[in-house]
Structure formats: structure tokens, C-alpha cells
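Nothing in this text is a laboratory measurement; each read-out follows from the coordinates by a stated rule. Worth saying up front: this structure is predicted, and the values here are computed from it rather than measured. FYI the Cβ positions are ideal-geometry reconstructions off the backbone, even for glycines, and counts take in every protein chain you see.
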Amino acid sequence: MGNSRLAVYPGTFDPITNGHTDLVTRAAHLFDHVVVAVADSSSKGPGFSIGERITLARLALADLPNVEVRGFDCLLATFVQEVGAGVIIRGLRAVSDFEYEFQLASMNRHLIPQAETLFLTPAEQYSFISSSLVREIGRLGGDISSFVHPAVQQAMRQRWQQSRSDFNKQPETKGDHHA
């Protein structure tokens, strides 16, 4: 049996949002220790490298002394066993998340029966936030300050400014005629 006072909260956190930090904060009050497990999701083509995502998560969660941020590049079940956790935290924003999360929880129960999955819902003001929406709003120059930690906002701003700069440096191709 894993340690029921130790929880793992896995995700890609690309980027970590205020919805994520809300869940981690509440989990930190429920458990002695929470490991925020940043998945190496290079196959998804993340906006930030795993190292950058770990750094941003550490900055966003720095005021929580019983929270540790670690990367992992293996099966979640393997990682949970390695750290000795007894609980996997998963967030549910809407009913639409439930079916997928239920399947994951069932598979994890099969793979690691000694760990339970605990579903938490974010505070209402964060229930609509997703990393993909934040990335899109930020990429298009929108205000993301109420969705992410200031360090995350700054990192995203720098990333998108660089992307726009690179895009604007592209040479015109034959057939590109502008009035």
C-alpha cells in the first residue's frame, strides 16, 4: 500500500495555470506532501520544454512548502510506485472531463491497486481555464494575467514575441503579392 499522506498530481502543465495551482493548494492542505509530476510530453509538441515547465511550476508553487515539483518520463503508475504515493490527484473542470478521467482512474487502479485516484474540482473562477486556451489567448496577444502566475505570463510573452519575430523574418515566397 502506498503512503496515503503522499499524493501525486500529474500533468503536462504546458503551462501551469491558476486552475492547476488552485488544485495543488487545496491538495497541499489535505496531504502531508504533494508531488506535482510534470510529464515529458515531447510527443505532444509542448510549447515549453520539460525543464521550462518544471521551472515555471516551481515558481508558481513556491509558497507551498509541502509541494515538490518533479519531471517524469515513464508510465504514471511506475512514477507513483517510485515515489511511494498512495493517492493520484486529478482535476475535473466539467462533466465532459469525467468520462476520460474515469477511464484513466480505472486503468491506474488496475496497474497500481495500492493507489487511489482522488478527483478535485477547481474553484468556480478557474473552472473554464485550460492550458490550451491560455496558450491560444497568449499567442494571439490577449491578456492572460488572470489565468497564470506572473512568471508564467512573462515566459509566455517572451516565447510568443520570439515566435512573432521569427515569423516576420520569413522571406516572401513566389506568389506572395501584397497590395
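Amide hydrogen proximity for V69: with H placed 1.01 Å from N in the peptide plane, the residues at 5 or more positions away or on another chain lying under 5 Å are V36.
What you get for the range 3-168, charging only the Cβ of Lys and Arg (+1) and of Asp and Glu (-1), is a dipole of about 240 debye around the Cα centre.
In the chain, the calculated helix contribution to ellipticity at 222 nm averages -13500 deg cm²/dmol per residue, counting -39,500 (n - 2.57) for every DSSP H run with n ≥ 4.
Considering only G142, Y9, T21, and ranking their Cα positions along the charge dipole of the range 3-168 that arises from unit charges at the beta-carbon of Lys, Arg, Asp and Glu, the one farthest toward the positive end is G142. Using r as the Cβ-Cβ distance of L111 and A62, and R0 as 35 Å, what FRET efficiency do you calculate, to the nearest 0.05? Computed FRET efficiency for L111 and A62 comes out at 0.65. Normalised size of the chain, defined as Cα radius of gyration per 2.2 N^0.38 Å with N residues, equals 1.16.
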